[in-house]
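Right, one structure below, let's go through it.
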Amino acid sequence: MEKQNYDAGLPSSNAPFNLCVRHGELIFISGLPPFDEAFSRAVREAREQGRPIPPFPNPPFAEQVRLVMDNMKKLVEAAGSNMDCLLKVIVWLRDQRDAEEFDRIYRTYFSSREALPARTRIQAGRTPMDCGLEVEAIGFVPRKRSRKSAPARKRKAGRPVRRK
């Protein structure tokens, strides 16, 4: 089995990790902060030039949640899976008072209550660059159903095969 990395075209902040790793049928999604293209570029350039990281712009919390969940969905799909195949999600919130708003948006990314993964949601002492949240996940890639031919007939033991 070989490890495969996916970035789904998401903007890089030049951090020392891969966004999504697939090994066999398992997928591992790194903690995703709500960094859009512009902020990711600013962070990447600061790292490359040895400058201080710029402050997080702190858009409304609902926008941060949607950005993180949209990015997670892109990564999961790039790895050949879907959101309903997530097994475990870990959520770090900057402020636990945002939990209900997070849950309201989070639920919309799954097809049903039964499809929801196991989850841990905690208030972090501090999130990356003081953003509103970070979310990571573990999931699987569903096996493709193969078209099977009609099942062969079994013969009972001790009976000879009849030939015409």
Going by the structure shown, is residue 127 surrounded by 13 or more Cβ atoms within 10 Å (Cβ to Cβ) and among the β-branched types (Val, Ile, Thr)?
yes
Check 102, 61, 140, 110 and return the single one that is modelled with pLDDT of 95 or more, of a type outside the set (Asp, Glu) and within 22 Å of residue 37 (Cβ to Cβ).
61
Can we say residue 32 is under 16 Å from residue 68 (Cβ atoms) and either aliphatic (A, V, I, L, M) or surrounded by fewer than 15 Cβ atoms within 10 Å (Cβ to Cβ) (or both)?
yes
For residue 53, only one of the following conditions fails: (1) β-branched (Val, Ile, Thr); (2) free of Cβ contacts under 8 Å to residues at least 24 places away in the same chain; (3) in contact with a helix residue (DSSP H, G or I) (Cβ under 7 Å, 6 or more places away or on another chain). What is its number?
(2)
Selection within the stretch 35-50 - without any contact (Cβ under 8 Å) to a residue 24 or more places away in the chain and open to solvent by 80 Å² or more (accessible area, probe 1.4 Å):
49
Contact list please: Cβ distance under 8 Å, first residue in the stretch 1-19 and more than 19 Å from residue 134 (Cα to Cα) and surrounded by 13 or more Cβ atoms within 10 Å (Cβ to Cβ), second residue at pLDDT 90 or above and of a type in the set (Asp, Glu), pairs at least six apart or on different chains.
none
For residues that are under 15 Å from the mean Cα position of the chain (by Cα) and among the basic types (Lys, Arg), tally how many sit in the stretch 97-120.
2
Name the residues in the stretch 62-105 that are out of contact with any Pro (no Cβ under 9 Å at 6 or more places or on another chain), part of a helix (DSSP H, G or I) and touching a residue at least 60 places away in the same chain (Cβ under 8 Å), would you?
69, 72, 74, 75, 76, 77, 78
Checking residue 47 against (1) within 25 Å of residue 22 (Cβ to Cβ); (2) in a helix (DSSP H, G or I); (3) at pLDDT below 95; (4) not aromatic (Phe, Trp, Tyr), which test does it fail?
(1)
In the stretch 59-107, anything open to solvent by 40 Å² or more (accessible area, probe 1.4 Å), farther than 22 Å from residue 25 by Cα and among the aliphatic types (A, V, I, L, M) is listed as 67
I'm checking my understanding of the structure. Among residues of the stretch 20-37 that are within 19 Å of residue 130 (Cα to Cα) and not in a loop (DSSP other than H, G, I, E, B), which one is farthest from the chain's Cα centre (by Cα)?
37
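The values are calculated or read from the model by the stated rules, or taken from the named source; none is laboratory data. Computed from a prediction, not measured in an experiment: that's the story for all the values here. Using ideal geometry, Cβ is built from the backbone for each residue, glycine included, and neighbour counts are taken over all protein chains shown. Ligands, DNA and RNA are excluded from the accessible area calculation, which covers all protein heavy atoms including side chains. Shrake-Rupley method; radii C 1.70, N 1.55, O 1.52, S 1.80 Å.
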